[in-house]
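Structure first, commentary second.
The values are calculated or read from the model by the stated rules, or taken from the named source; none is laboratory data. All values derive from a computational prediction rather than experimental measurement. In this analysis, Cβ positions are derived from the backbone assuming ideal geometry, glycine residues included, and neighbour counts consider all displayed protein chains.
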Amino acid sequence: MACDLSLYLASKSPRRKDILEQLGFHPIVLANNDHTLRNFQGDEVQLPNETPQDYVERIAREKAVIALGKIQAQALPLLPVLSADTTVIADGLILGKPDDETQAQDFLRRLSGKEHEVRTAVCVGTDVDNLLMRVSISTVRFKALTETEIRSYVRMAEPYDKAGGYGIQGLAGAFISEIHGSYSGIMGLPVFETCELLKSFGLDLFAD
């Protein structure tokens, strides 16, 4: 008999939920600030002198810890918690979710015609003392963008709930000439790392 593939998803990202469901898992969303997908004041703020690696790991862990607190406070059934955070790094700078059209345009101009890095940290555990972490690192190259392409793209809803202000699985895929690494990691949840972590907590897609 196959194992129960239910877990708590400490993320408001519909893309992460979709990836898990496509794999056959049963995610139960338990996310902080899940009333909004867009950027808000204080959302995932980088600390002074914090490296991109430390940043993405810290945010993923914080999401998991908050969810574990909710589980305990609400006496919810014990299941593994999965959290994740994705960051885009260009010219050594972290590009989060754009605040507005002006910042979304600035992000695209910075990415235009160049290669940038995408890091996604995945954190899984059932207690704050047994959280396990994996980080997927990929690179993405954008073609040179025209001002018309930039202005048209930022008028859409797509850029504003995504790190770096673009989604590889959406219309911005037309801007991307090359990737190295994990396509699903660039989307926001690397499948390989996710499955390996969940397997450590008994959620094995290929169990008898």
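For this structure, a couple of remarks:
- Pair list, Cβ < 8 Å and 6+ apart or interchain, from the range 125-140 residues that are part of a loop (DSSP other than H, G, I, E, B) to residues that are exposed (fewer than 15 other Cβ atoms within 10 Å of the Cβ): Thr126/Leu78
- Top-ranked residue of the range 1-47 - restricted to ones that are at pLDDT 95 or above and part of a loop (DSSP other than H, G, I, E, B), ranked as surrounded by the fewest Cβ atoms within 10 Å (Cβ to Cβ): Gly24
- Neighbours by Cβ (under 9 Å, 6+ apart or cross-chain): first from the range 98-118, free of Cβ contacts under 8 Å to residues at least 40 places away in the same chain and in a loop (DSSP other than H, G, I, E, B); second surrounded by 15 or more Cβ atoms within 10 Å (Cβ to Cβ) and among the small types (Gly, Ala, Ser): Lys114/Ala90
- Residue that is farthest from Val122 (Cα to Cα), among those in the range 169-182 that are assigned to a helix (DSSP H, G or I) and without any contact (Cβ under 8 Å) to a residue 24 or more places away in the chain: Ala174
- In the range 97-135, the residues that are under 22 Å from Ile179 (Cα atoms), of a type outside the set (D, E, K, R) and surrounded by fewer than 23 Cβ atoms within 10 Å (Cβ to Cβ): Gln105, Ser112, Gly113, His116, Val135
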